[in-house]
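A.B. asks: I have a structure here, written as structure tokens, and I will follow up with some questions on it.
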Amino acid sequence: MTRIRVWTTISLLTLLATAALGVVQASAQSWAQSEAQAMNVIEAFDAGAEARWDYVQDGGMGGGRQGQAALEDGAIRLTGTVSTDNNGGFIQVRQRLIDGWPADVEGLNLRVRGNGERYYVFLRTTSAQRPWHSYRAAFTANAEWQDITLPLSAFEASQGSLPARFSADEIRSIGLVAYGRDHNADLSVSRIALY
């Protein structure tokens, strides 16, 4: 009789511990979903992300010609060599947008890691008439995952012919870019959110 009671007690404790673990996991998952909704995650680089993003390099100007973009472990990874030979020099991965973002968006939040180099987000708007027209903001991607916040007000026009400011609903593409100087690029981005 004692053995049955001991095993029953152990079984009951195991059942309670398993139920508690399930509640904790469900709470953590619910919290993560709530956080993602609050941040308005627009790209989590899940299955199908490769169809939404295009790799682009500066082949015409003689710049960065050796690079690639690939999905790895829930992130997009941009790697390659950027060269400024012949006034060129970029590699990027870009997503085109049909309708832009909501007009009340104030900025972007990216989860990034890299090799300590400076990278850029390029935003093209309805005002961009030439391929090199964009609004640009820089950030440094270190070896550990980190969150980067880029307010839209921090983006600067690439050309004087572009309006100084823009609205989020005018944005037609976003690019993750290694640009402007000779260096080896290695940038991973696991999340892009709007705020």
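A.B. asks: When the residues of the range 139-170 are narrowed to those that are surrounded by 15 or more Cβ atoms within 10 Å (Cβ to Cβ), among the aliphatic types (A, V, I, L, M) and within 20 Å of the chain's Cα centre (by Cα), which ends up farthest from I98 (Cα to Cα)?
C.D. replies: Residue satisfying both the conditions and the ranking: A141.
A.B. asks: Condition test on R113, is it closer than 17 Å to S188 by Cβ, assigned by TED's automatic domain parsing to the domain that holds Y179, touching an Asp or Glu at 6+ places or on another chain (Cβ under 9 Å) and at pLDDT 95 or above? Before the answer, list the steps.
C.D. replies: Numbers: closer than 17 Å to S188 by Cβ: yes; assigned by TED's automatic domain parsing to the domain that holds Y179: yes; touching an Asp or Glu at 6+ places or on another chain (Cβ under 9 Å): yes; at pLDDT 95 or above: yes.
Here the answer is yes, as R113 does meet what is asked.
A.B. asks: Identify, please: which residue in the range 47-74 is in a strand (DSSP E or B) and over 10 Å from V93 (Cα atoms) and is, among those, modelled with the lowest pLDDT?
C.D. replies: Within the range 47-74, the first condition is being in a strand (DSSP E or B), and the residues that meet it are 54-57, 66-72.
Still in the running and over 10 Å from V93 (Cα atoms): 66-67, 71-72.
On the way: Q66: 80, G67: 91, L71: 96, E72: 95.
Per the criteria, the residue is Q66.
A.B. asks: Mind checking which residues of the range 64-86 are crowded, with 18+ Cβ neighbours inside 10 Å and under 22 Å from D46 (Cβ atoms)?
C.D. replies: To start, the set of residues in the range 64-86 that are crowded, with 18+ Cβ neighbours inside 10 Å comprises 64, 67, 69, 75-80, 82-84.
A69, A75, I76, R77, L78, T79 - these are the residues of the range 64-86 that are crowded, with 18+ Cβ neighbours inside 10 Å and under 22 Å from D46 (Cβ atoms).
A.B. asks: Can you pull out every residue in the range 121-142 that is farther than 15 Å from I171 by Cβ and not charged (D, E, K, R)? Break it down into steps so the answer makes sense when it comes.
C.D. replies: First pass over the range 121-142, keeping only residues farther than 15 Å from I171 by Cβ: 129-132, 138-142.
Across the range 121-142, the qualifying residues are Q129, P131, W132, A138, F139, T140, A141, N142.
A.B. asks: Here's something else I'd like to know. Taking the condition of being modelled with pLDDT of 95 or more, of a type in the set (S, T, N, Q) and part of a loop (DSSP other than H, G, I, E, B), how many residues in the range 129-157 meet it?
C.D. replies: The number of residues fulfilling the criteria is 2.
A.B. asks: Further question on the same structure: I need every pair where a residue in the range 87-114 that is buried (at least 16 other Cβ atoms within 10 Å of the Cβ) has its Cβ under 7 Å from the Cβ of a residue that is assigned to a loop (DSSP other than H, G, I, E, B) and acidic (D, E), sequence separation at least 6 or different chains.
C.D. replies: G88/D58; G89/D58; F90/D58; R113/E144
The values are calculated or read from the model by the stated rules, or taken from the named source; none is laboratory data. Note that the structure is predicted; figures quoted are calculated from it, not measured. Neighbour counts run over all protein chains shown; Cβ positions are idealised from the backbone, glycine included.
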